[in-house]
Amino acid sequence: MAVPKTNTPNRIPTIYQCDSKGRENQTVVADLDGTLLIGRSSFPYFALIAFDVGGILRLLLLLLASPLAALLYYFVSEAAGIRVLIFATFAGVKVSAIKSAASAVLPKHYSEDMHPETWRVFSSCGRKCVLTANPRIMVEPYLKNYLGVDVVLGTEISSYKGIATGFVATSGVLVGRNKAIALRRAFGAESMPDIGIGDRKTDFPFMRLCKVLNSPPFLFRKNAFITPPPPTPPPPPPTHTEMSQKSPANYTMCSGK
């Protein structure tokens, strides 16, 4: 008796197989780490923020907490590890300082880590959404001001009188089912994105919600399929210098080409 095929991560095409033509009227939703960015770890960006808002002592606290975060991430849950990083980085820090650091420090480093093939597909769509486990306050300035992202869904951190507590809001860390729930709330059941892009199994819940008109969701995984060469060289992602010379409005128009 034949075993039916299942929709496992290894059966999902890579981003190299996704055509970027004719998607001006479509909506795309993508994960951040390992998908829109090449690097799969958000720890370097937490470290940059920690040093900027709290100096060497805050960075040292984060480094001391990182082994615990790694153990929880790999042996308990992805969400538990991220909670530790969030607490060590943001507890007791002014919300205004976090926003300032996210706007001033991270854009250059995010731009250098942009995945060109994901950007090729992502930028071709008319409406763009990023769904990430990273704190929204940390990633939103770059995504909206430089990449022209319309909707940013990330982990919300709680605060009291303008000071971050270091704890995650009641909505929880956006991983697994929480990503799917956040996407449903943002778009509604009748207007789900056309394309879903992710890089790990915990992205599957939100990817399955996408309409996917002509092909299955696209997952950037090296072991998913043998990757064919792209038909045409993709445009390089914008450098930090180029982005600094353009207003957000102008950059958004260019990114859809």
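The values are calculated or read from the model by the stated rules, or taken from the named source; none is laboratory data. Just so you know, these numbers come straight off a predicted model, no measurement behind them. Methodologically, a virtual Cβ is constructed for each residue, glycine included, from the backbone with ideal geometry; neighbour enumeration extends over all protein chains shown.
Mind checking which residues of the stretch 113-124 are part of a helix (DSSP H, G or I) and within 19 Å of ASP199 (Cα to Cα)? Scanning the stretch 113-124 gives PRO116, GLU117, THR118, TRP119, ARG120, VAL121, PHE122, SER123. Is at least one residue of the stretch 90-109 among the aromatic types (Phe, Trp, Tyr), under 20 Å from LEU174 (Cα atoms), surrounded by fewer than 23 Cβ atoms within 10 Å (Cβ to Cβ) and in contact with a Gly (Cβ under 8 Å, 6 or more places away or on another chain)? No, that holds for no residue. Look at the stretch 111-129: where a residue is under 15 Å from MET207 (Cβ atoms) and a partner is of a type in the set (Gly, Ala, Ser) and modelled with pLDDT of 90 or more, sitting 6+ places away or on another chain with Cβ atoms under 6 Å, you get PHE122/ALA30.
Evaluation of PHE87 against the conditions (1) of a type outside the set (Ser, Thr, Tyr); (2) under 30 Å from ILE195 (Cα atoms); (3) surrounded by 17 or more Cβ atoms within 10 Å (Cβ to Cβ); (4) touching a Gly at 6+ places or on another chain (Cβ under 6 Å) shows that the sole unmet condition is (2).
For the stretch 25-83, filtering for residues that are under 27 Å from ILE15 (Cα atoms) and in contact with a His (Cβ under 8 Å, 6 or more places away or on another chain) leaves 6.
Mind checking which residues of the stretch 125-139 are hydrophobic (A, V, I, L, M, F, W, C), under 10 Å from the mean Cα position of the chain (by Cα) and not in a strand (DSSP E or B)? Walk me through it before giving the result.
First pass over the stretch 125-139, keeping only residues hydrophobic (A, V, I, L, M, F, W, C): 125, 129-131, 133, 137-139.
Pick out the ones that are also under 10 Å from the mean Cα position of the chain (by Cα) and you get 129-131, 133, 139.
Within the stretch 125-139, VAL139 is the sole residue that qualifies.
Taking every residue in the stretch 62-77 that is without any contact (Cβ under 8 Å) to a residue 12 or more places away in the chain and pairing it with any residue that is surrounded by 10 or more Cβ atoms within 10 Å (Cβ to Cβ) and in a helix (DSSP H, G or I), at least 6 positions away or on another chain, the pairs with Cβ-Cβ distances below 6 Å are TYR73/GLY81. Every condition in (1) surrounded by fewer than 18 Cβ atoms within 10 Å (Cβ to Cβ); (2) over 22 Å from THR14 (Cβ atoms) holds for PRO116 except the one numbered (2).
With the condition kept exactly as written, say whether any residue in the stretch 47-63 is touching a Cys at 6+ places or on another chain (Cβ under 8 Å), crowded, with 17+ Cβ neighbours inside 10 Å and of a type in the set (Val, Ile, Thr). The answer is no, given that none of the residues of the stretch 47-63 is touching a Cys at 6+ places or on another chain (Cβ under 8 Å), crowded, with 17+ Cβ neighbours inside 10 Å and of a type in the set (Val, Ile, Thr).
Here LYS128 meets the list (1) modelled with pLDDT of 95 or more; (2) under 27 Å from CYS210 (Cβ atoms); (3) out of contact with any Asp or Glu (no Cβ under 6 Å at 6 or more places or on another chain) almost entirely, failing just condition (3).
Go through the stretch 136-150 residue by residue and tally those that are in contact with a helix residue (DSSP H, G or I) (Cβ under 6 Å, 6 or more places away or on another chain) and crowded, with 18+ Cβ neighbours inside 10 Å.
If we filter the stretch 136-150 for residues that are in contact with a helix residue (DSSP H, G or I) (Cβ under 6 Å, 6 or more places away or on another chain), which is where we start, we get 137-138, 141-142, 145-146, 148-149.
Applying the additional criterion that residues be crowded, with 18+ Cβ neighbours inside 10 Å yields 137-138, 141-142, 146, 148-149.
Qualifying residue count for the region: 7.
Is it the case that the stretch 152-172 has a residue that's closer than 21 Å to GLY126 by Cα and at pLDDT below 90? Among the residues of the stretch 152-172, not one is closer than 21 Å to GLY126 by Cα and at pLDDT below 90, which makes the answer no.
Here ASP150 meets each of (1) without any contact (Cβ under 8 Å) to a residue 24 or more places away in the chain; (2) over 15 Å from the mean Cα position of the chain (by Cα) with one exception, condition (2). Applying a threshold of 6 Å to beta carbon distances and a minimum spacing of six or more residues, or different chains, the list of pairs starting in the stretch 95-106 at a residue that is part of a helix (DSSP H, G or I) and ending at one that is surrounded by fewer than 14 Cβ atoms within 10 Å (Cβ to Cβ) and at pLDDT 95 or above reads VAL95/GLY162.
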